[in-house]
Structures are given as structure tokens and as C-alpha cells.
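Data block below; observations after.
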Amino acid sequence: MKKWTLSPQADLNAVNNISQAIGTSRLVSEILVSRGYSTPEKASEFISEGELSSPFLIKDMDVAVGIINNAIDEGQVICIYGDYDCDGITSTVMLYQYLTCVGADVYYYIPETDLGYGLHESIVRELKEDGVDLIITVDNGISAVEEATLIKELGMSLIITDHHQPGDVLPEADAIINPHRKDCTSPFKNLCGAGVVLKLIAAMDDGDYETTFEQFGDLAAIATIADVMKLEGENRYIVRNGLNCLAKTENYGIQALMEAVSLDENSLTATNVAFRLAPKINAARRCASPKIAVELLLCEDPEEAAELAQELVSYNNMRKELEEKIYNDICGIINADPSILNERVLVFAGEDWHHGVIGIVSAGITERYGKPSIVISIEGENARGSARSVGDFAIFRLLDYCDEVLQKHGGHMGAGGFSLKTSDIDRFRQMIAEYARINHNSMPRAEISVDKILGVQDITVDAIKSLSVLEPFGEGNPSPVFAIPNAEVVGIASLSEGKHCKVTVSYLGMSLQILMFRYSPDALPFVLHDKVNFLVSAGLSEFRGTEQISLIMLDCLKNGIVQQKYFNAKDAYEKYMLGEGVSDVIIPIIKPERSDVAVVYKALTENPRHIEDIYGKVFSDKMNFFKFRIAIDALCELGLAKLNHFESRVALVPSAPKADLGDSAILQKIKAL
């Protein structure tokens, strides 16, 4: 369960002013106000496509253009030094294609994942031996202080194009194009690497964005989405217009990849690019070499492009298999020692887990359990890991705290990476637990922001259709989330042979249908005639030629369950299981009676169901989550139930022998408090 955060009710005067001034629907205006666009000027600026600011407003842009033009005129050898992720790959392709078209003697170099991110001394020396005169970095270089000095000593020139935050000391380069420089006057700072390259190319064409965007808008949009940049300001312009470029792209590689993943011009959304296109490009470096993705995007033969696209699809499937292996290993670790899940930060380590996917696995673990997680791949005497977080738990502060046992580390609020000696992993675990205990008595929870409670006037085809003006949806501009509170469940229908279901509810005098994916009818956390609060996304679908509203459940909560009380009880249970004691105040309400355990037992079936869904069924004023979990643990201890801790699913044990609750050590211990 995620913590629901409902936006304050939008100021009606602000809503009316926006609707009248820019013509948006009332629903759209309310969402804009709830997201902070509270004046017609702010709302109009967000919704309008706007324009890209002059590339020459970026510090050193004119210097870089002069150096590159001079290198082309003199026939100097230019090397584009890229990065191995989707942003770095597309940036490399964009600049390589442009420089090739204008007659430059240019080639590209992208380090393999094993070598690591950024410039490296050994590669710099190799480039010198290869006769390179000018190195242009894309999506990296801002932290390469020592390497930049070496490049200068070797007599080569260096232009850095990057979008990552600079350190206190800038590299000694001939030009540094990075909007985050303190002395940069460019009004928009949050471009991805490909966005910076797009501006460099436009500057090479005297600031002409029209031609530049026509050639490279598709790649810039893919990179902006893949690098999870906030879709505001100039990024919104790049993605919105770039999606149009994608729909009519002449890049054979992109065409082949879109065909391979069954994307056409009618299904080109930022979400589909993020989940269907970008992972295939990233799969090359995770499972093979990033050069394969570069070759695809540079390919000029449709048949070869189709083969390369299928190769990326196969690598993406391989990536999924690698992830599945790690998940299976983690499942074994958890089921062997379920107490791990009570820790404030979940830490897992395994032999030879593929380092290219541990970040994805960490993100999945954090999503599954709503806690920060760290996944470590042990490779002989050395190990490397990746971390993901929730809420205000800062990964970079955690890694700084553990600095003494880490060889290298870096990150930001929500994610990070590191390396360390395998022999230091146990100490690292201890320091993680220590940091979390000192700084977070109660851990932050994963949240879902709710834009508004749906009213009768919002549930119309025209109102839902009007939401399209807010697109593209993505980081910083999520698809709207709506609340449907206190709805009575009046119908439950099975879909796809029980894999999904459709719930009919009565709400504000209307009958609404809500799709619940991955829920079978018998696994729902409620029954007919229960009052339930739903969070949904809203869109349109077509049935027999008629548009109709499509509501998809994102989360649900049975009426009466107060989230803060639920999370407090869950925190208390986990602290109890960690041996941190229980407050005297709550002791009287956490001890399950025999009747409480019986209620939980009767709610179980032989079909495994998620713990939270079962809790929804048995919740009452006297059944808090702490008491419920103790009951589950006792039933499992006595062999009457079985809990898959990894999946958080519990089921009755068929034909289990009778058991006496008095024999439960778990119940005896809790009663002794």
C-alpha cells in the first residue's frame, strides 16, 4: 500500500480565471491549480509548446562552435566520446551524423559498461595514439578534471557537453557546454545530454532549430524520456514535438525498432517510448555492447536495421531473464530469513549478479516493498551495487555515511551506485542499519499523489478528453490520478479467465465500472456491498464505435482503514520483530485473542493472496495491522498457513492437522508483554 497524498482543493477563483483566460476545461484548470500553475500566465506557459531558447545563451557555445568549425576546416580528427546509456547513445548518434554530413573527419567511442562511466586515462592515451586532435564528450565529462589535464598535456583539444551537476572545480577544457554551470545564462537548465547536443548542432547551423529538430527531434525526445527528465519547460517542447518527429521518422533504425515492438504513429506516447523503446536501446549495454544500439540508429539499410532491432529485442529478453534470476535468488534469501523484510533498508547481495541489471532489480524491490533497497553483485574480491529510495530517505547521504567502507560512490536523493571490497559487505550492512535507525525512527513511505476527487461533472467523455492538453505525461508531469471515495461495490466480473476483473460501483448516483488488472475476483480486498475508496486513472476507449470512459484502478482502500494508523501499526510490528520493543501505550491493542486469530484463519483460502488484500477483508475497529500480522505469523508457525514472504502472499495449508493456539510461541511471547 502506498501513502495517498491528496492535493488541497483547488482555489475556485484561480480555476475560473484560468478557464476563462486560456480556454481549458474546468477539470484541466483544477489539475493545473493543484499542481502549482495557479495563474493564467503560469498555466499558459506550461500548456503552450513555447520555444527553445537561443543555444548561444549557453556558456561557451560560441567558443565550441568556433573550435569545431576550425577542426573541420583543417581536417583534424574528431572523436565523439559518449556514454553507454540511452541518453549517451542517442547524443553520440546525433552529433556523429551531423558532423559526418558537414564533412568532418569524425568517429565515435563509447566505453563498455565494464570500463565504467566517463573519460578514462587509458582510453585518452589510445585516442592520442590514434591521431585524434579534438575530443568532444557527450553526456559526460563534467567531472573529468584529471583526464582533461591529461588531454591538454598530450596536445589534444577538449570540448565537454554534459548535463550533470558540475563539481567545485571545472575540468581544464577548451569549452564546457553545460547549462548547470554557475556562470551559464541559459534560462532552461534541465536538459538531458541529447538536449544539450541538440542545441550544439543548432548553434553550428547559426541557431536554426527548424532544420536541426527535423533531423534529430526524434532522438532528442527518446533521450529526454529515457533519462527521466522533468517534462516541463523546454523538455516539454522537445518531447511533444519530438513525438511528432518520431511518427514520421526517416531513421531506419528507429523505424525497425518501432516495428519490432509494435509501436505505430497512433500509439506514440511518452509512456510507450519509456517502457517499450528506451529499454531496448539500454538493453544493448546491459547484456552486450552499447555499440550495437549505435549501429542500429546509424544504420542506412532497412534489412540490416530490422536484424539489429531484433537483436536488441533479444537482448532485452535476456535482460529480463537476468533480472528474473536475481529475483529468484532474492526470493530464496527472503524465504530463508524473512526477518530481512522488517529492516528499514533492504539489502541483498549475490554472487555474479549481472551488474547491468542490479539497478533495475533494486527499483523493483523498492516498488514491491515500499522501502529503500540496495542490491550488490559480488564479483570475487570486489563488489558493486545499486540503490533506490522512497520519500525523503536520501541515498547520497546514506552512501556518504558509509564512505569508510566504499571504494567509490555517487548518487542523489533517490538513487546511487557504489563499489566496495566483498569483505566489507557485512560492515556495510551494519552501517546502513545504523544510519537508518539514527536518522529515521519511522521510515518514509512510497507515496501516490492524488490530483482531485472526481465529481459528477468530471465523469463525462468531454471532460476526460480535455485532459489531452496536459500531455505528454511523464516525469514531473504524471498522468492525473483521481479519487473515487466511499463507493459501494455492486458488481464483480471476471475478465481474461480470472486474470483480471471489472468492478461496478455506485458513486454519487452513478454506476461506474473500474478495471482492476492482475486481480482475480477472489483476491479482492473487499466483497460485494463494501464501501471502498479507489484511486484511478481516467482515459477513453471505444466500444462499437462509441467513445466511453475507461477507469483503471491504481490503488484501493476499504472504508474505515485510516492510512496513518495502518502505517503506524506496520512500523510498530517491524520494530517489534527487530527487537526494538513496543510502546506501553499500544500493548493492550496488539495482542490477538483466539477469536481474532479465528477471523484471520477463516479469511484465508488455499489460493495464495496478498497479505494486504486479506487485511482488507478482515479489517475492523479491533483488528489493527499489528494484531493481524501476529495472527498470520502464528498460523504459519502452527503449520495451518504458509506465507511466501517474497511475494507477501499467504494461503491455507491443505489438509493441515489440527493445532492448538496455545502451542504458539509467537502468541505466548506477545501475551507476555
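The values are calculated or read from the model by the stated rules, or taken from the named source; none is laboratory data. Remember, it's a predicted structure, so these values are computed and weren't measured experimentally. Methodologically, a virtual Cβ is constructed for each residue, glycine included, from the backbone with ideal geometry; neighbour enumeration extends over all protein chains shown. These area figures cover heavy atoms from the full protein model, side chains too; ligands, DNA and RNA do not enter into them. Shrake-Rupley method; radii C 1.70, N 1.55, O 1.52, S 1.80 Å.
How about the range 629-668: which of its residues are out of contact with any His (no Cβ under 8 Å at 6 or more places or on another chain) and among the basic types (K, R)?
Passing the criteria: R629, K642, K658.
Suppose we filter D208, D227 for residues that are acidic (D, E) and open to solvent by 50 Å² or more (accessible area, probe 1.4 Å); which single one remains?
Going through D208, D227 in turn, just one is acidic (D, E) and open to solvent by 50 Å² or more (accessible area, probe 1.4 Å): D208.
Checking the condition under 18 Å from Y209 (Cβ atoms), among the hydroxyl-bearing types (S, T, Y) and open to solvent by 20 Å² or more (accessible area, probe 1.4 Å), which residue from S34, S91, S25, S54 passes?
Exactly one of S34, S91, S25, S54 is under 18 Å from Y209 (Cβ atoms), among the hydroxyl-bearing types (S, T, Y) and open to solvent by 20 Å² or more (accessible area, probe 1.4 Å), namely S54.
If we keep just the residues of the range 262-307 that are small (G, A, S) and not in a helix (DSSP H, G or I), which is surrounded by the most Cβ atoms within 10 Å (Cβ to Cβ)?
Step by step, filter the range 262-307, then rank; the result is A288.
Which strands (runs of 3 or more DSSP E) sit wholly inside the range 434-533 and have at least 3 residues that are open to solvent by less than 70 Å² (accessible area, probe 1.4 Å)?
482-495, 500-507, 510-516
Take L119 and tell me if it is within 25 Å of K291 (Cα to Cα), modelled with pLDDT of 95 or more and open to solvent by less than 60 Å² (accessible area, probe 1.4 Å).
It is false that L119 is within 25 Å of K291 (Cα to Cα), modelled with pLDDT of 95 or more and open to solvent by less than 60 Å² (accessible area, probe 1.4 Å).
Could you identify the single residue in D613, D584 that is more than 34 Å from the chain's Cα centre (by Cα) and either under 26 Å from V527 (Cβ atoms) or modelled with pLDDT under 95 (or both)?
D584
Residue-by-condition table, conditions (1) of a type in the set (V, I, T); (2) crowded, with 18+ Cβ neighbours inside 10 Å:
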residue: G364; (1), (2): no, yes
residue: E367; (1), (2): no, no
residue: G370; (1), (2): no, yes
residue: S377; (1), (2): no, yes
residue: E381; (1), (2): no, no
residue: A387; (1), (2): no, yes
residue: V390; (1), (2): yes, yes
residue: E404; (1), (2): no, no
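Quick check on the range 553-575. Is at least one of its residues within 30 Å of L470 (Cα to Cα) and part of a loop (DSSP other than H, G, I, E, B)?
No, the range 553-575 contains no residue that is within 30 Å of L470 (Cα to Cα) and part of a loop (DSSP other than H, G, I, E, B).
Evaluate the range 165-174: report whether one residue or more is open to solvent by less than 20 Å² (accessible area, probe 1.4 Å), of a type outside the set (F, W, Y) and more than 21 Å from N69 (Cβ to Cβ).
Checked the range 165-174: at least one residue is open to solvent by less than 20 Å² (accessible area, probe 1.4 Å), of a type outside the set (F, W, Y) and more than 21 Å from N69 (Cβ to Cβ).
Return the residues of the range 592-640 that are part of a loop (DSSP other than H, G, I, E, B) and over 20 Å from K2 (Cβ atoms); say none if nothing qualifies.
Those that are part of a loop (DSSP other than H, G, I, E, B) and over 20 Å from K2 (Cβ atoms): P592, E593, L604, T605, E606, N607, P608, D621, K622, L638, G639, L640.
Here's a check for you: in the range 416-428, which residue that is crowded, with 18+ Cβ neighbours inside 10 Å and of a type outside the set (F, W, Y) is farthest from G380 (Cα to Cα)?
G416
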